[in-house]
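The values are calculated or read from the model by the stated rules, or taken from the named source; none is laboratory data. Not measured: the values here are computed from a predicted model. When we count neighbours, we look across all protein chains shown, and the Cβ atoms used for this are built from the backbone with ideal geometry, even at glycine. Side chains are part of the model used for accessible areas, which takes the heavy atoms of the whole protein and leaves out ligands, DNA and RNA. Shrake-Rupley method; radii C 1.70, N 1.55, O 1.52, S 1.80 Å.
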Amino acid sequence: MNFLILMPILFPILAGLILPLLKLGNDREKRQKYVGAVVSLTVLSVSIVISAGDLSLRLFQVTNSVYMLLAIDDLSRFFLVLIALLWLLVTFYTFEYIKHEGKDVRFFSFFLMTLGVIMGLCMAGNFFTVYLFYELMTLITYPLVVHSETPAAMKAGTRYLAYSFVGASLALIGFIFVGHFGLTINFTPGGVLDPAMVAGHDNLLLVIFLLTFIGFGCKAGMWPLHAWLPVAHPVAPAPASALLSGVITKAGVLAIIRATFYIFGMDFIYGSWVQITLMCMTLLTVFMGSMLAYKEKLLKRRLAYSTVSQVSYILFGFTILSFLGFEGAMLHIVFHAIIKNILFLAAGAVIYMTHQTYVYELKGVGKSMPITMWCFTIASVALVGIPPTAGVISKWSLAMAGIMSSYPLLGTIGAGVLLVSALLTAGYLISIFANAFFPGADFDYKNLKNTEPVKLMTVPLIILSVCCIFFGMFPTPLMNFIDRIAFALF
C-alpha cells in the first residue's frame with residue numbers, strides 16, 4: 001500500500017521523459033490527448049494517495065541518519081490537492097496557448113516532469129528529501145523559463161539558476177547543522193532540535209535558521225533573493241509564468257513551513273531576534289514589491305512584482321508564529337495561487353490574441369475580450385481584498401494576527417504595510433481593467449472586433465474566477481482543514 005505514494009511522482013516524470021520518444025511529429029491532437037491523460041491520471045493518483053491514510057515510504061539510505069523519505073500528512077494533502085487541480089486547469093489552457101510559442105514537445109515534456117517533482121516535494125518526509133526535490137525543481141523548470149530561447153530568455157534563465165542555487169546552498173547549510181543538532185531530520189510537529197545539544201549554541205542555530213529561511217525564500221520571491229521573478233516572468237510562456245507565480249513560489253513556502261514548524265520549531269524561534277528580523281524582511285518585501293509593481297509598465301513584469309509582494313504576505317503570517325497568523329497565511333496560499341493563475345493566464349490570453357504586452361496598450365481590450373477581462377477584473381478585486389472575493393478573508397486574518405502578535409508595535413506597523421500594499425495593488429490593477437472597459441470617448445469603436453480566445457483558454461479562467469468568489473463566500477470548509485493542520489503545531 002505504501003508504494004502508492006510513488007504514483008503522483010513517477011507517473012508524470014516518466015511520461016515526460018517518454019513524450020519526446022513517441023515521435024508524434026506534428027500530430028498536436030494526439031500529443032494533447034497524451035498530456036491531458038497523464039495530468040488527469042496524476043490528479044486521480046493524488047486523490048487515491050490522500051485518501052489512503054498517513055502513508056510513508058523509505059526509499060534509499062545515504063547514512064544511518066540521512067535517507068530519502070516520502071510521507072503523507074495533512075500539510076501534504078493541502079498542497080497536493082491545490083497544486084494538482086491548478087495544474088490540470090493550466091494544462092488545458094496550454095493546449096491552445098503553446099501554438100503561439102511552438103516547441104510544444106519540449107515544453108510539455110518538462111511541464112509533466114515538473115509536476116512530478118513538485119508532487120515529490122509536497123510528500124517529502126524529511127529535510128534531505130525536501131532538499132533533493134528543491135534542487136531538482138530548479139533544473140527541471142529552467143527549460144520552461146528559457147523556452148523561447150531569445151537573448152532575454154537566456155539571460156533570465158541564467159539569473160534564475162544563479163539565484164536558485166544560492167538559495168539552495170543556504171538551505172544546505174541548514175540541513176548540515178540540523179543533522180548535527182537535531183534528534184532526527186524527519187519532519188516532526190514542534191521541531192527536532194536536541195535541547196541538550198543546542199544549549200550554548202542558540203544564537204548560532206538562530207543564524208542558521210535565518211539562512212535557511214532566506215534560502216528557501218528565494219523560490220518564494222522574498223528579498224534579497226527575489227530578483228529572478230520579474231526577469232523570468234516576462235520571457236516565460238504565460239502558462240509557465242502562471243505556474244511559477246502561483247505554484248513554484250508555494251513550493252518555497254512549503255519548504256519554509258517545514259523548516260520553521262517541523263525542524264527548528266516554533267518554541268525555539270518565538271521571541272527571538274530572528275523572528276523580528278524575518279518579520280521586518282517580509283514587510284520590506286511586501287512594500288517594495290507593491291511599489292515596483294505600481295511603477296512597472298510591462299504587464300507580466302507588473303504581475304511578477306505583485307507576486308514578490310503577495311507571497312511575502314504569506315511569509316509575514318508565518319513569522320508571527322501565532323494560530324491566526326498561520327491560518328491567514330495558509331488561506332492566502334490558496335487564494336493567491338488561484339488569483340495569480342487567473343491574472344497570468346488572462347495576460348497570456350491578451351498577448352496571444354492581440355500581441356500587446358504593455359499596460360498602456362490595453363485600452364479598450366475589455367470590449368473585444370470581455371470574458372478574459374472580466375476574469376482579470378474578478379482576480380484583481382480579490383487580490384486587493386474587496387468582498388465578497390476570497391482575498392479579503394486572508395488579508396483580514398493576517399492584519400489582525402499582526403496587531404495581536406507578541407510585538408504589538410511591529411505587528412501594527414505590519415498591518416499598516418498590508419493596508420498600504422492593498423492600496424498600491426488597487427492602483428496597479430484597477431487601472432488596467434478600468435481602461436480596458438472604459439477606454440474613453442476617443443476610442444475607435446467602429447473597428448472593434450471580437451478577439452476572445454477559444455474555450456480551452458477561457459473555461460479555466462472562468463472556473464478559477466468562480467473559485468475566487470466561492471471561497472470568499474464559503475471559506476469555512478477550507479478554514480476547518482487548515483485549523484486541523486494548525487492544531488498539531490500550536
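Of the helices (runs of 4 or more DSSP H) that lie entirely inside the stretch 55-171, those containing 1 or more residues that are charged (D, E, K, R) and over 27 Å from Phe344 (Cα atoms) span 74-101.
Within the stretch 168-175, can one find any residue that is more than 16 Å from Leu69 (Cα to Cα), buried (at least 23 other Cβ atoms within 10 Å of the Cβ) and at pLDDT 90 or above? Taking every residue of the stretch 168-175 in turn, at least one turns out to be more than 16 Å from Leu69 (Cα to Cα), buried (at least 23 other Cβ atoms within 10 Å of the Cβ) and at pLDDT 90 or above. Within the stretch 99-112, the set of residues being surrounded by fewer than 24 Cβ atoms within 10 Å (Cβ to Cβ) and either touching a strand residue (DSSP E or B) at 6+ places or on another chain (Cβ under 9 Å) or closer than 30 Å to Met68 by Cα (or both) comprises Arg106, Phe107, Ser109, Phe110.
Every residue, every condition in (1) closer than 23 Å to Cys122 by Cα; (2) modelled with pLDDT of 90 or more, yes or no:
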position	(1), (2)
Val166	yes, yes
Gly179	yes, no
Thr184	yes, yes
Phe187	yes, yes
Val192	yes, yes
Ala199	no, no
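Note on the stretch 370-410: among residues that are of a type in the set (S, T, N, Q) and touching a Ser or Thr at 6+ places or on another chain (Cβ under 7 Å), the one that is farthest from Val466 (Cα to Cα) is Ser405.
For the stretch 291-300, state whether one or more residues are of a type in the set (A, V, I, L, M, F, W, C), under 22 Å from the mean Cα position of the chain (by Cα) and within 24 Å of Cys468 (Cα to Cα).
Step one: list which residues in the stretch 291-300 are of a type in the set (A, V, I, L, M, F, W, C), which gives 291-293, 298-299.
Retained after the next criterion (residues that are under 22 Å from the mean Cα position of the chain (by Cα)): 291-293, 298-299.
With within 24 Å of Cys468 (Cα to Cα) added as a condition, the list becomes 293, 299.
Checked against the condition, which is being of a type in the set (A, V, I, L, M, F, W, C), under 22 Å from the mean Cα position of the chain (by Cα) and within 24 Å of Cys468 (Cα to Cα), the stretch 291-300 yields at least one hit.
Note on the stretch 326-378: among residues that are open to solvent by 10 Å² or more (accessible area, probe 1.4 Å) and among the polar types (S, T, N, Q), the one that is nearest to Leu418 (Cα to Cα) is Thr377. Residues in the stretch 123-156 that are under 18 Å from the mean Cα position of the chain (by Cα) and farther than 18 Å from Val247 by Cβ: Tyr131 only.
Do we find that Val381 is open to solvent by 40 Å² or more (accessible area, probe 1.4 Å), in a helix (DSSP H, G or I) and of a type in the set (A, V, I, L, M) in this structure? Here the answer is no, as Val381 does not meet what is asked.
Are any residues in the stretch 466-477 closer than 14 Å to Val392 by Cβ and assigned to a helix (DSSP H, G or I), and if so, which ones? Full working, then the answer.
Initially, the stretch 466-477 is screened for residues closer than 14 Å to Val392 by Cβ, giving 468-475.
Within the stretch 466-477, Cys468, Ile469, Phe470, Phe471, Gly472, Met473 meet the criteria.
Which residues, counting only those in the stretch 176-228, are small (Gly, Ala, Ser) and more than 21 Å from the chain's Cα centre (by Cα)? If the condition is that a residue be small (Gly, Ala, Ser) and more than 21 Å from the chain's Cα centre (by Cα), then Gly179, Gly182, Gly190, Gly191, Ala196, Ala199, Gly200 are the ones that fit. Restricted to the stretch 398-414, and to residues there that are assigned to a helix (DSSP H, G or I) and surrounded by fewer than 22 Cβ atoms within 10 Å (Cβ to Cβ), the residue that is nearest to the chain's Cα centre (by Cα) is Met400.
Scanning the stretch 415-463 for residues that are closer than 30 Å to Met281 by Cβ, hydrophobic (A, V, I, L, M, F, W, C) and without any contact (Cβ under 8 Å) to a residue 60 or more places away in the chain, which turns out surrounded by the fewest Cβ atoms within 10 Å (Cβ to Cβ)?
Filtering the stretch 415-463 for residues closer than 30 Å to Met281 by Cβ gives 415-432.
Retained after the next criterion (residues that are hydrophobic (A, V, I, L, M, F, W, C)): 415, 417-420, 422-424, 426, 429-430, 432.
Subsequent filtering for residues that are without any contact (Cβ under 8 Å) to a residue 60 or more places away in the chain retains 415, 419, 422-423, 426, 430.
Numbers: Ala415: 22, Leu419: 13, Ala422: 20, Leu423: 11, Ala426: 17, Ile430: 15.
Ranking the qualifying residues of the stretch 415-463, first place goes to Leu423.
Identify all residues within the stretch 269-315 that are open to solvent by 10 Å² or more (accessible area, probe 1.4 Å) and in contact with a Leu (Cβ under 6 Å, 6 or more places away or on another chain); write none if there are none. Passing the criteria: Tyr270, Ser272, Tyr294, Tyr305.
Residue-wise test of (1) surrounded by fewer than 21 Cβ atoms within 10 Å (Cβ to Cβ); (2) within 22 Å of the chain's Cα centre (by Cα); (3) of a type outside the set (Gly, Ala, Ser).
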{"site": "Leu14", "(1), (2), (3)": "yes, no, yes"}
{"site": "Leu24", "(1), (2), (3)": "yes, no, yes"}
{"site": "Tyr34", "(1), (2), (3)": "yes, no, yes"}
{"site": "Val39", "(1), (2), (3)": "no, yes, yes"}
{"site": "Ser56", "(1), (2), (3)": "yes, no, no"}
{"site": "Val81", "(1), (2), (3)": "yes, yes, yes"}
{"site": "Leu85", "(1), (2), (3)": "yes, yes, yes"}
{"site": "Thr94", "(1), (2), (3)": "no, yes, yes"}
{"site": "Tyr97", "(1), (2), (3)": "no, yes, yes"}
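The number of residues in the stretch 432-465 that are assigned to a helix (DSSP H, G or I) and polar (S, T, N, Q) comes to 3. Can you name every residue in the stretch 431-464 that is modelled with pLDDT of 80 or more and polar (S, T, N, Q)? Ser431, Asn435, Asn450, Thr451, Thr458 - these are the residues of the stretch 431-464 that are modelled with pLDDT of 80 or more and polar (S, T, N, Q).
When residues in the stretch 21-54 are screened for being free of Cβ contacts under 8 Å to residues at least 24 places away in the same chain, in a loop (DSSP other than H, G, I, E, B) and more than 21 Å from Met7 (Cβ to Cβ), 4 of them pass. Of all the numbered requirements in (1) among the aromatic types (Phe, Trp, Tyr); (2) at pLDDT 90 or above; (3) over 15 Å from Gly246 (Cα atoms), Phe60 misses one, and that requirement is (2). Checking Ile48, Ile72 one by one, the residue that is β-branched (Val, Ile, Thr) and open to solvent by 60 Å² or more (accessible area, probe 1.4 Å) is Ile48 and no other.
When Val66 is tested against (1) within 25 Å of Leu4 (Cβ to Cβ); (2) without any contact (Cβ under 8 Å) to a residue 40 or more places away in the chain, just one condition goes unmet, and that condition is (2).
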